[in-house]
Structures are given as C-alpha cells and as structure tokens.
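Since the structure comes first, as structure tokens, the remarks are kept for the end.
The values are calculated or read from the model by the stated rules, or taken from the named source; none is laboratory data. Everything quoted here is computed from the prediction, not taken from an experiment. Using ideal geometry, Cβ is built from the backbone for each residue, glycine included, and neighbour counts are taken over all protein chains shown. All accessible areas refer to the heavy atoms of the entire protein, side chains included, with ligands and DNA or RNA removed. Shrake-Rupley method; radii C 1.70, N 1.55, O 1.52, S 1.80 Å.
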2 protein chains.
Amino acid sequence: MGGSAALALRGHCAEMWGLDANPVTEAAALANGVIDRVVTRVEVLESDVLLLAAPVRAILSLLGSITNNPFPFALANRQSPIVLLDFGSTKRAIVAAMENLPAAFDPLGGHPMGGKEVSGLAQAEAALFQGKTFVLTPLARTSARALALAHELIAALGAQPLVLDAAQHDRLAAYASHLPYLVAVALVNAVLTQGDAQVWDLAASGFRDTSRLAASDLTMMVDILLTNREAVLETLAHYRGELDVMHIALTHGDETALRQCLLAAYQQRKPMFGALAVTQ
Amino acid sequence: MGGSAALALRGHCAEMWGLDANPVTEAAALANGVIDRVVTRVEVLESDVLLLAAPVRAILSLLGSITNNPFPFALANRQSPIVLLDFGSTKRAIVAAMENLPAAFDPLGGHPMGGKEVSGLAQAEAALFQGKTFVLTPLARTSARALALAHELIAALGAQPLVLDAAQHDRLAAYASHLPYLVAVALVNAVLTQGDAQVWDLAASGFRDTSRLAASDLTMMVDILLTNREAVLETLAHYRGELDVMHIALTHGDETALRQCLLAAYQQRKPMFGALAVTQ
C-alpha cells in the first residue's frame, strides 16, 4: 500500500523518503526507484508529509512511540507541523491515538478502500487507488491546511475523497469489508471440515469469488477485527438474522418467502459494479 | 448453457437441432448458426443424443411430459435408444425422474460445473466448459454405450469428467455452489438493510467478489434450492457453526482462537485457483 502510494505520488513531491521495519524492503524500494532515500526515525521528522501504511496495530504502535519519544530536538526548528496521514483499515482507535500526538504533528485519519488481499512491495502499483474511494477521518485538531493537502494527495492518487466520522467509517467498513471477510472464512472452513475431499473438484468460479477474501493477509485482518470488534459483532448478528430468514423459508419449503429474500439481494447486486458483475 | 454446448459441439455432430420454450430464442439460435434446424417435439425423437439444458424444475417437467406422452409412433422405428443427458444443477430429483422414462430412452444425469450467473443465448460461448469439471451421474439402467458417448461429449466440450452418485453430487454441490450463493445473498441483504446508504461508497473489490453470486439467475437458483433442500439445510447449519466459532472468539477478544480459525481458511484458500486468487 505504501509502495503503491509512493509510485502514484512520483512527480508530485520534491523527494520521496522511505522507512520500513524490514531493511530488505527499504533496500528494494530504493533499488527499484520507489523511494529516493532511506531515512532514519529522526530524519523522517524533517519531512512535510508523513504517510503511515501498515496494519492497524503497527500504526497504533508507531503513533505511541512518536507520542512517547517525539525527538523534540529534531522538531524544534520546523516552520510548520508535519501533516501525518495514515492508511489504516479501521479508524476509531487510530484517531484516538492521534489525539495524543505532540503539537508538531497535524494528523488525520485515512483509509484507501479496495487494496489487494496480497501485500508487500512486490505488489506495488501506481494505479492501485485509481477511481476508488479514499476515506478521510479528520480530528477536531486537524488544520484546514492538512485537510486540503490530504485532498490534493487523494487527487494525485486518482482516488475519490469521502470525509467521514471515524466511528461511522468503522461501522460502514464492518459491513462493506470486514463482514465479507468473515463470510468468506466461514465458507472455506465449512467446506474444509465437511469431510469429503472430492468437494474441491466441484468448486468453480462461484466458490472462487465468494471465498477469495479468506486468502487476505492474516496480520492485517486480525488487527482490523480486534480494533473494530463491536461494529463487526453487530454486523455478524445482523448477518446471522438474514441467514435465519432463508433457513426458515427453506425448512418450510416456502417458495414465496425464499424468492422474496433472493430477489431483494438480486435487485441490489445485479446493477452494481457494471461489467465486473459478470467475471467468470 | 445449451447454446454454449451447441457451439462447442460444432463439428462433432452430423447435424445440430434445437428446441426451446421461446420461439424467439429458437429463431436467434438458427439465425446465428448455433443450430442447423429448429425441430418439433415429435421430430426431436429422431435424434441420436438429446441434451436438456434448463433450470432443474423445467427439466423435471420435460422428463414428466416425455414419460407421460412419449409419442410411441415416433419411437417405433428407432434402431437404438436416444441417449438423453441433462445439464441440471441438482441431480437426485432428475435421476429419479429419468428412471421412469420409456425404454426408448437411455438416460444419464450431467452437471457442467461453473456456468455464468447470467443466462440466455446471447451469453453462449464455445469455451464455457473448457478445463472445468463435468459431473456425470449414471443410473442403474444407463448403458455402457450412453456412458461412453457422454465421455466423448465431455471431451469435445474440453471439460474434465467426474462420475458421482447423484446423492453425493447434490451434497458436494450444496457445499461448493449452493452455500456460496446463500452466503452472498445474506451478505447483500445484511448490507442493504443496515440503514446507511453511504455504505455503498465503501464497497470495493472484496464486497464485489464475495457478493457476486447474489446476482445469479433467480429461477435457476430457486429450483436448485428447492430440489436440494436437505443437503442445503445441512450446509447452512454447518456454516452457522463456523460463524459461531468466530463470534465467540471475537466476543472474548480471544486472539489465539480467532487467528487459528482465520489461518485454517487462509491455508486452504491461498494456494487455490492459482493466479486467479489475486483478481482485483
């Protein structure tokens, strides 16, 4: 995600610096021209805009360490605060942690929707954000300058900005993204444990697409689920209610009730995503 | 499905005849060279191989009408019985109905896996069956000749044959195909009824793929669910058990239990479908 952003922002920044927990990733980013320079945790405080792209709890840990050790000497001579934007998948916990950052930071939350279920620098591509929604969750302390800069950055990525309250983001993302993941995991596990290995010979494009998210990066998903527990549990309860409706209709062979339920989903889903609805 | 088969079998048959409930479809199939001739219900009894491609209950109705009115005069002079193969998505009810066909028919069940969720002649393509599994469910009365001919037909379609008992097919298809459909329907309905329309701005490729099957043809799916009720209800119960495991782990914030459950699905799904696992 960070690599894709760096590629897409090429030409929009005077210089692109990078910093990763893994030095091999830093070296590869430099060698492939994704970044211009690898910097230290002190040097990074000379930047104008700081993007945090990592799993949610890694972002929380970074925010905590900046708050607890902001290297005041490095920040003393700054003309203006560092605009800090994150790319984390849940926003409430991150925005709460941002509130505690020193005044030398001008933070706001961000979430580019629709990444890949594969992660890593090798997957980076400049077009990743093109045409997709990029949610911004500003804080009360976020300046107009930081918000304008975030909008400029989103335009450079080719994405569509959507400003939301962090709690609303987390509730909606639970439905649009976290619930689909759990739905896919439960499907794979149900098929996996039914006991007849020949079932995989019958798994075609329908199973493939419905189950795709089960192959998502585990660390990313565990962080999402644990930092958005209440909202995810609400969607699960609601989802189970929808399964109940179908279960009852099927149990009674009630064709009218069954068809009504299937039709509602059909009418909502059929016109969505244009031609992409017909992927084989 | 019938149109795709006709296109794929071009060159493998002396002549391709067609018969549809809708005369507009018959005319279009003829005009587009999908078939060589439109025939009547009596004339069709002069054919060597009869393929029934329709929703399950439409196939059941066709089998019933052949059984009740086999036009004995048309069958009197045949040298060998008509090999009858269907393309229906569930097999137990169809195979049971095939048992009652007159002796002039040599029937067996068939199910090409992995159609499209869109139907109709306009969607026909010769490559539809290429590389996919084609299940055959022979009856006790099916002759060796009919089974060999079905294998020849599957080879001509470019598909992989898999001979299964009808009940086993229906149980496995419930897991691999019917459950994914219900999973997608419940997902769309849960998102649809949660009350905040802004949720659709956050629906990206993950939601798109997980929900794709909810746009499946309704008549086809209602027929599948109602003719495979017991097996589908079994998969639903099992699936809800898998949701329960995640619900409990999340409720208790039990990261170890949660990760174990997600990991099982990840390890099964990640290596499946090769590069197609990474559809954006």
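Out of A:Ser47, A:Ser4, report the one residue that is hydroxyl-bearing (Ser, Thr, Tyr), open to solvent by less than 50 Å² (accessible area, probe 1.4 Å) and closer than 26 Å to A:Leu75 by Cα. Please lay out each step first, then the result.
Working: A:Ser4 fails: closer than 26 Å to A:Leu75 by Cα.
One residue alone meets the criteria, A:Ser47.
So is B:Ala28 within 24 Å of the chain's Cα centre (by Cα), under 23 Å from B:Gln130 (Cβ atoms) and open to solvent by less than 70 Å² (accessible area, probe 1.4 Å) or not? Lay out the reasoning, then the answer.
Values: within 24 Å of the chain's Cα centre (by Cα): yes; under 23 Å from B:Gln130 (Cβ atoms): no; open to solvent by less than 70 Å² (accessible area, probe 1.4 Å): yes.
The answer is no for B:Ala28.
Can you pull out the residues in the range A:39-50 that are out of contact with any helix residue (DSSP H, G or I) (no Cβ under 6 Å at 6 or more places or on another chain) and either of a type outside the set (Asp, Glu) or assigned to a helix (DSSP H, G or I) (or both)?
Taking the range A:39-50 as the starting set, the residues that turn out to be out of contact with any helix residue (DSSP H, G or I) (no Cβ under 6 Å at 6 or more places or on another chain) are A:39-41, A:43-44, A:46-50.
Those that are out of contact with any helix residue (DSSP H, G or I) (no Cβ under 6 Å at 6 or more places or on another chain) and either of a type outside the set (Asp, Glu) or assigned to a helix (DSSP H, G or I) (or both): A:Val39, A:Thr40, A:Arg41, A:Glu43, A:Val44, A:Glu46, A:Ser47, A:Val49, A:Leu50.
Within the range B:52-145, considering only strands (runs of 3 or more DSSP E) that don't extend past its boundaries, which have at least 1 residues that are open to solvent by 10 Å² or more (accessible area, probe 1.4 Å), at pLDDT below 95 and under 21 Å from B:Val222 (Cα atoms)?
Details: elements: B:82-86, B:105-112, B:133-138.
Qualifying strands (runs of 3 or more DSSP E): none found.
Within the range B:154-167, take every residue that is in a helix (DSSP H, G or I), in contact with a Lys or Arg (Cβ under 9 Å, 6 or more places away or on another chain) and open to solvent by 10 Å² or more (accessible area, probe 1.4 Å) and give me the one that is farthest from the other protein chains (Cβ to nearest Cβ). Can you show your working first?
Our first condition is that a residue be in a helix (DSSP H, G or I); within the range B:154-167, this holds for B:154-157, B:166-167.
Pick out the ones that are also in contact with a Lys or Arg (Cβ under 9 Å, 6 or more places away or on another chain) and you get B:157, B:166-167.
Cutting the leftovers down to open to solvent by 10 Å² or more (accessible area, probe 1.4 Å) gives us B:166-167.
Values: B:Ala166: 13, B:Ala167: 12 Å.
The selected residue is B:Ala166.
How many of the residues in the range B:127-150 are touching a Leu at 6+ places or on another chain (Cβ under 8 Å) and more than 14 Å from every other protein chain (Cβ to nearest Cβ)?
6
Quickly run through the range A:168-212 and pick out the residues that are free of Cβ contacts under 8 Å to residues at least 24 places away in the same chain, under 26 Å from A:Val135 (Cα atoms) and open to solvent by 10 Å² or more (accessible area, probe 1.4 Å).
A:Gln168
Going through A:Ser216, A:Ser205 one at a time, which residue ends up being more than 26 Å from B:Leu136 (Cβ to Cβ) and among the small types (Gly, Ala, Ser)? Give the steps one after another, and end with the answer.
Working: A:Ser205 fails: more than 26 Å from B:Leu136 (Cβ to Cβ).
Among A:Ser216, A:Ser205, only A:Ser216 is more than 26 Å from B:Leu136 (Cβ to Cβ) and among the small types (Gly, Ala, Ser).
Per-residue answers, yes or no, for (1) at the interface with chain A (Cβ under 7 Å from one of its Cβ atoms); (2) more than 22 Å from B:Lys91 (Cα to Cα); (3) outside any loop (DSSP other than H, G, I, E, B):
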residue	(1), (2), (3)
B:Ala173	yes, no, yes
B:Leu182	yes, no, yes
B:Leu187	yes, yes, yes
B:Asp201	yes, yes, yes
B:Arg212	yes, yes, yes
B:Met220	no, no, yes
B:Tyr239	yes, yes, yes
B:Gly253	yes, yes, no
B:Leu262	yes, yes, yes
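Could you tell me which numbered condition A:Val39 fails, if it satisfies all but one of (1) surrounded by fewer than 19 Cβ atoms within 10 Å (Cβ to Cβ); (2) within 23 Å of B:Ala204 (Cα to Cα); (3) of a type in the set (Val, Ile, Thr)?
Just one mismatch for A:Val39, condition (2).
Kindly establish whether A:Val163 is in contact with a Cys (Cβ under 9 Å, 6 or more places away or on another chain) and modelled with pLDDT of 95 or more.
Taking the combined requirement at face value, the residue does not satisfy it.
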